[in-house]
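Take a look at the structure below.
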Amino acid sequence: MTDDQTRARAAALLGLHQAEELLTVVNVWDVISATVVADVPGTTALATASHSIAASYGYPDGEQIPVDLMIEAVGRIAAAVDLPVTADLEGGYGDPAGTVRKAIGVGIVGANIEDQMRPLAEAAANVEKIMKVASDEGVDFVLNARTDAFAKGRDRDQAEVLADAVERGRAFLDAGAPVVFVPGRLTEEQILTLVDAFGPRRLTTIAIPGTPSLAWQQEHGVARVSFGPLSQNVALTALQELVEEVHRGGGVPSTMRILN
């Protein structure tokens with residue numbers, strides 16, 4: 001069984017997804033990014049980005065980073081902050097339930113697990129196994145069960161892709177997941193269809209440029225919006241811009257904050 005702090009953080013994270021107010025999580029990738037984000041007033045939870053963590057260690061995305069290194073990284077983040085942390089654990093590194101058990105052991109209280117468009121019965125069984133592990137650990141674990149219908153269906157008829165996302169999301173909810181993650185550049189109509197299919201506060205999305213505003217998504221029943229690797233891209237863009245300014249003979253901007 002897990003400790004009281006982990007159980008309390010899990011319950012808090014679940015409550016944040018069920019609340020009327022939209023949960024926004026600007027994804028982090030190491031201890032310093034986590035503590036900086038956590039210190040911003042209004043931040044109520046943190047989410048890691050697997051792509052960003054892998055990149056920080058020199059690995060490409062797509063489960064190339066060793067699972068134990070990923071678990072160590074997310075555990076360091078969870079230990080460094082006083083907020084609930086949900087981790088992006090890709091497809092589970094060959095053992096979704098076992099990987100989630102390891103994550104819970106280092107203080108993680110929620111996770112994205114990709115279905116990678118595996119056969120639906122297999123993907124739903126993975127969800128059921130994960131939720132069984134969480135129950136065994138005594139944690140209200142917030143599995144953000146991800147379907148890659150849109151991520152892998154860019155060249156398919158989008159009506160068929162949406163139907164797949166609905167079918168798979170419903171199956172994951174039936175298997176015990178509290179929320180379903182449908183990453184992609186979703187339209188208002190697509191989001192409304194998904195919310196209607198899953199119920200209010202059961203859909204999570206990603207804030208790709210061009211998607212509906214946060215205010216609109218809150219109004220129409222979305223539970224959570226995350227930013228994936230985009231937050232790291234913003235930070236690295238700022239670093240590149242500093243280097244470009246230095247090459248022009250300038251220096252650090254006057255807006256720089258002392259954060260550590």
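Residue-level check: of (1) surrounded by fewer than 20 Cβ atoms within 10 Å (Cβ to Cβ); (2) touching a Leu at 6+ places or on another chain (Cβ under 8 Å); (3) assigned to a helix (DSSP H, G or I), THR44 misses just (3).
Scanning region 17-37 for residues that are crowded, with 17+ Cβ neighbours inside 10 Å, closer than 23 Å to GLU137 by Cβ and touching a Lys or Arg at 6+ places or on another chain (Cβ under 8 Å) yields a count of 3. Out of the residues in region 98-143 meeting the condition of being assigned to a strand (DSSP E or B) and of a type in the set (Gly, Ala, Ser), tell me which one is nearest to the chain's Cα centre (by Cα). Selected residue: ALA111. Look at region 50-64: where a residue is free of Cβ contacts under 8 Å to residues at least 24 places away in the same chain and a partner is assigned to a loop (DSSP other than H, G, I, E, B) and among the aliphatic types (A, V, I, L, M), sitting 6+ places away or on another chain with Cβ atoms under 7 Å, you get ALA54/ILE65; TYR57/ILE65; TYR59/ILE65. Hey, does region 55-71 have a residue that's within 24 Å of ALA12 (Cα to Cα) and crowded, with 19+ Cβ neighbours inside 10 Å? Among the residues of region 55-71, at least one is within 24 Å of ALA12 (Cα to Cα) and crowded, with 19+ Cβ neighbours inside 10 Å, which makes the answer yes. Within region 80-91, the set of residues being among the hydrophobic types (A, V, I, L, M, F, W, C) and either in contact with a Cys (Cβ under 6 Å, 6 or more places away or on another chain) or not in a strand (DSSP E or B) (or both) comprises ALA80, VAL81, LEU83, LEU89. Only residues that are in a loop (DSSP other than H, G, I, E, B) and either more than 17 Å from the chain's Cα centre (by Cα) or surrounded by fewer than 18 Cβ atoms within 10 Å (Cβ to Cβ) (or both) were counted in region 172-207, giving 6.
Looking only at residues of region 216-260 that are of a type in the set (A, V, I, L, M, F, W, C) and outside any helix (DSSP H, G or I), we find that the one that is surrounded by the most Cβ atoms within 10 Å (Cβ to Cβ) is ALA223. Given the condition of a type in the set (D, E, K, R), assigned to a strand (DSSP E or B) and buried (at least 21 other Cβ atoms within 10 Å of the Cβ), answer yes or no: does some residue in region 151-168 qualify? No, region 151-168 contains no residue that is of a type in the set (D, E, K, R), assigned to a strand (DSSP E or B) and buried (at least 21 other Cβ atoms within 10 Å of the Cβ).
So which of ILE65, ILE77, ILE53 ends up being assigned to a helix (DSSP H, G or I), under 22 Å from GLN116 (Cβ atoms) and at pLDDT 95 or above? Selected residue: ILE53, the only one of ILE65, ILE77, ILE53 that is assigned to a helix (DSSP H, G or I), under 22 Å from GLN116 (Cβ atoms) and at pLDDT 95 or above.
Give the residue, chosen from ARG168, ARG154, ARG146, that is modelled with pLDDT of 95 or more and over 17 Å from the mean Cα position of the chain (by Cα). From the options ARG168, ARG154, ARG146, the qualifying one is ARG168.
The values are calculated or read from the model by the stated rules, or taken from the named source; none is laboratory data. It should be emphasised that the depicted structure is a prediction, and the values quoted were computed from it without experimental measurement. Glycine also receives a Cβ, built like all others from the backbone with ideal geometry; neighbour counts cover every protein chain displayed.
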